[in-house]
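J.: Before I ask anything, let me first share the structure, which is written out below as structure tokens.
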Amino acid sequence: MASFRGTGTLALADGDTVPVTVDLRSRRDGERRVWGGTLHAADGGALLRVVGDTVALRLDIGEEGRVTVLRCDAAAGTGDVDGVGPSPI
């Protein structure tokens with residue numbers, strides 16, 4: 001399992017983007033990479049709007065995947081995510 005800490009952007013279905021700081025773990029599952037971890041957004045309300053949704057996560061290092069926001073603490077601006085994409089490392 002590999003770890004990645006850095007920054008990125010959530011691309012929401014309505015066209016909005018939300019800058020985030022991420023702390024992801026990545027592991028291989030067959031031919032794909034599975035991501036899981038937490039993210040932090042200055043706008044916690046934006047995360048609350050997408051709980052349960054699958055959205056694009058574009059990392060500032062050039063990798064992109066799709067994550068589902070599993071739960072969110074809007075007051076703290078943190079959310080737990082799970083998804084797939086290339087290895088961010």
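J.: So how much slack lies between residue 29 and residue 68, counting 0.36 nm per residue of separation and subtracting their Cα-Cα distance, in nm?
T.: So the extension gain works out to 12.3 nm.
J.: Another question, then. Where a ≥ b ≥ c are the square roots of the eigenvalues of the C-alpha gyration tensor, would you call the chain rounded, which needs a/c under 1.5, or, failing that, prolate if a/b is larger than b/c, or oblate?
T.: prolate
Rule-based calculations on the coordinates, nothing more; no lab input. In this text the structure is predicted, and so the values were computed from the model without any measurement.
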